[in-house]
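Presented below is the structure to which this report refers.
Coordinate-derived values only; no laboratory data. None of these values were measured; they are calculated from a predicted model. Note that we place each Cβ from the backbone using ideal geometry, even for glycine, and neighbour counts take in every protein chain shown.
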């Protein structure tokens, strides 16, 4: 069986869930040929405040390197590429990440791009080499479900123009909404410690970053009672691995209005929206691959 050529585009220092997603992908390489890890821009994150996009890119690059070392997968540091230091609406300049996306898309028979941050790098690649849309497919975690009026979601709102370009490019696209879909992947420190502690340095590390990620948001000790957190980005890796864990719907590509809401259409090309996911199967697969056994 030929391995699926994959590029992971991630803003890994923006939130802790990207780090879990990278672990999940590295632990799932039996049928995956991970050819590049491209670093997506982020700004204004409450979890990792940065002064500008360039600082965020450097921070994410270093975080990804650290996680790969703990996974004993340091060889993948050789295929990491820094991405945009300006959003698509600000600059159309190519960067190392977008150039690598173009290069791999052209040389491979087919390439899957898993995007779990602002989709700027992917938009730039398509903008500079529109012919690659026939050789790629994209799995993107971004925006919200149709049950939520607006897409005031971090990955979406950072660079709406890049979202418009990717949607309209006619590249095969799967959108995993955050609110009402990926939000089902909520977990607690107690669940993570049960399944991940004892799985070496990386298990301990994941528990620690999860435990510490909300400290800035707690106003009082009682705020920790009943606390949980969503590991959104696991959904995109899981979709790559097993589509049967998801319920999807093909629709005519919607227009994106100025307020980020969708306007439905009838006669445009089709894109796929995920409507639901099987939390149990995704977490079971993740914990087993991270080393948990009964």
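Structure summary
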item	result
Gyration tensor (alpha-carbon) shape descriptor, the chain, a/c threshold 1.5	rounded
Convex hull of Cα atoms in region 210-269, direction-averaged projection (nm²)	7.6
On Cα atoms only, tilt of 200-212 relative to the major axis of the chain in degrees	80
In degrees, nearest ten, helix 17-26 long axis to first principal axis of the chain (Cα)	90
Sorted peptide list for 115-123, 201-209, 150-158, criterion being average Cβ within 10 angstrom, highest first	115-123, 150-158, 201-209
Global form of region 1-121, assessed from the alpha-carbon gyration tensor, a/c cut-off 1.5	oblate
Ranked packing of 276-283, 135-142, most packed first, by mean Cβ within 10 Å	135-142, 276-283
Cα centroid separation, region 1-62 to region 254-269 (Å)	28
Computed [θ] at 222 nm, helices only, for the chain once each DSSP H run of length n ≥ 4 contributes -39500 (n - 2.57)	-10500 deg cm²/dmol
Relative packing of peptides 229-239, 260-270, 94-104 - highest average C-beta neighbours within 10 Å first	229-239, 94-104, 260-270
Alpha-carbon Rg/Rh ratio, for region 98-247, with Rh computed the Kirkwood way	1.04
Region 180-294: C-alpha gyration tensor shape, a/c 1.5 cut-off, then a/b vs b/c	oblate
Cα long-axis angle, helix 53-70 against the chain (0 to 90 degrees, to the nearest 10)	50
Counting DSSP beta bridges with both ends in the chain, the antiparallel % (nearest 5)	30
